[in-house]
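Everything on this sheet refers to the single structure shown next.
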Amino acid sequence: MKGVLVMSTMSKLEHIMENKTRREILEILAEKGLVEFAELAATIKTSQRVDYHLSFLQSQGMVERESRGIYRLNPRYVTMVRSKLKVSRPHMLIGGLGKEITLYVDLLDALKYHGYEPSKIIYITSPEVRDEVIKSYGKDKTANTEFIVFPYVEVLRENIEVLLEASKNLVEKHIYRFEPLIDLTGGTKPTSLALLKVAQEYNLKALYFSSRKIIWINKPY
């Protein structure tokens with residue numbers, strides 16, 4: 001069912017891009033993230049009004065108005081539009097991390113071997129695990145890593161709603177600057193379930209690391 005939905009949305013996107021002006025709008029938004037209407041109007045040369053095409057793209061759910069006069073791609077379609085237009089962004093890694101902290105470096109080594117070197121890493125974990133990672137690997141080696149910490153018993157062990165909201169917020173905050181990779185290897189089961197749901201909702205690549213191999217769980221494009 002998920003594959004059918006993605007194909008249906010991709011077909012809709014391909015149809016939209018048959019219009020040169022709408023394709024140009026999507027390309028500018030894919031490249032720049034947030035864009036003012038004045039910049040779009042000045043950049044795109046068309047006999048029709050740019051706001052007409054923006055309104056159409058909004059009606060199709062592809063574009064959102066962030067604030068007055070400022071537009072962006074719907075975060076759920078960012079990776080799809082980039083893939084179609086061959087727009088690249090630096091990778092970032094979002095995952096959960098439990099007591100097996102060696103996964104932290106082992107996975108990064110495996111990703112590097114496969115051509116992925118995340119510019120930013122975010123792990124959802126407990127304060128205790130965060131402190132242990134920093135103690136074991138030092139602040140220099142973890143300089144590009146951010147830890148989102150929650151108490152183990154109250155949240156990480158059982159509160160999937162909080163974890164889902166946190167995961168969505170992380171993706172929407174960073175998706176315009178990076179291409180997120182979702183790591184389902186470590187952390188608690190509720191954390192992995194929340195991250196998997198977000199990967200599917202935002203069409204993100206998701207992976208599981210086992211026996212020094214990367215297994216792609218969700219790879220829509």
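What follows draws every value from the coordinates through simple rules; no lab data is involved. The structure displayed is predicted, hence computed values, not measured ones. Cβ: placed from backbone, ideal geometry, glycine included. Neighbour counts: every protein chain shown.
Would you please classify the overall shape of the range 82-148 from the alpha carbon gyration tensor, given that a ≥ b ≥ c denote the square roots of the eigenvalues, rounded means a/c under 1.5, and beyond that prolate means a/b larger than b/c while oblate covers the rest?
prolate
So if I average 1/r over every pair of distinct C-alpha atoms in the range 91-218 and take the inverse, what Kirkwood radius in Å does that give?
It works out to 14.4 Å.
What whole-number volume per residue, in cubic angstrom, does the convex hull of the C-alpha atoms of the range 2-85 give?
Cα convex hull per residue, to the nearest whole number: 85 Å³.
Calculate how steeply helix 20-32 sits against the longest principal axis of the alpha-carbon atoms of the chain, using the helix alpha-carbon long axis, and give the answer as 0 to 90 degrees to the nearest 10.
Tilt relative to the chain: about 30 degrees.
Between 0 and 90 degrees, rounded to the nearest ten: what's the tilt of helix 2-16 against the longest Cα principal axis of the chain?
Between helix and principal axis, roughly 30 degrees.
Over all directions, what mean area does the Cα convex hull of the chain project, stated in square nanometres?
13.3
Which value in nm describes the separation of the simple spin-label points at Tyr137 and Val105, placed 7 Å from the Cα toward the beta carbon?
The two pseudo-label positions are separated by 0.9 nm.
Just order 186-193, 136-143 by mean Cβ neighbour count inside 10 Å, highest at the front, would you?
So the peptides 186-193, 136-143, ranked by packing, come out 186-193, 136-143.
Helix-only estimate, please: 222 nm mean residue ellipticity of the chain, summing -39500 (n - 2.57) across DSSP H runs of length 4 or more and dividing by its residues, to the nearest 500. Walk me through the numbers before you get to the answer.
On the way: 9 runs with 108 residues, N = 221.
For the chain, the value works out to -15000 deg cm²/dmol.
For a label point 7 Å from the Cα of Ser59 along Cα→C-beta, name the residues of the range 17-35 whose backbone N is under 18 Å from it.
Once the point is set 7 Å along Cα→Cβ of Ser59, 17-23, 25-26 turn out to lie under 18 Å by backbone N, inside the range 17-35.
Give the peptides 172-181, 36-45 in descending order of average Cβ contacts within 10 Å, highest first.
Output ranking for 172-181, 36-45: 172-181, 36-45.
Can you give me the angle between helix 102-113 and the longest principal axis of the chain, using Cα atoms only, in degrees from 0 to 90, rounded to the nearest 10?
The two axes meet at around 40 degrees.
Work out the length of the dipole vector of the range 37-99 about its Cα centre, built from +1 on the beta-carbon of each Lys and Arg and -1 on the beta-carbon of each Asp and Glu, and round it to the nearest 20 debye.
260
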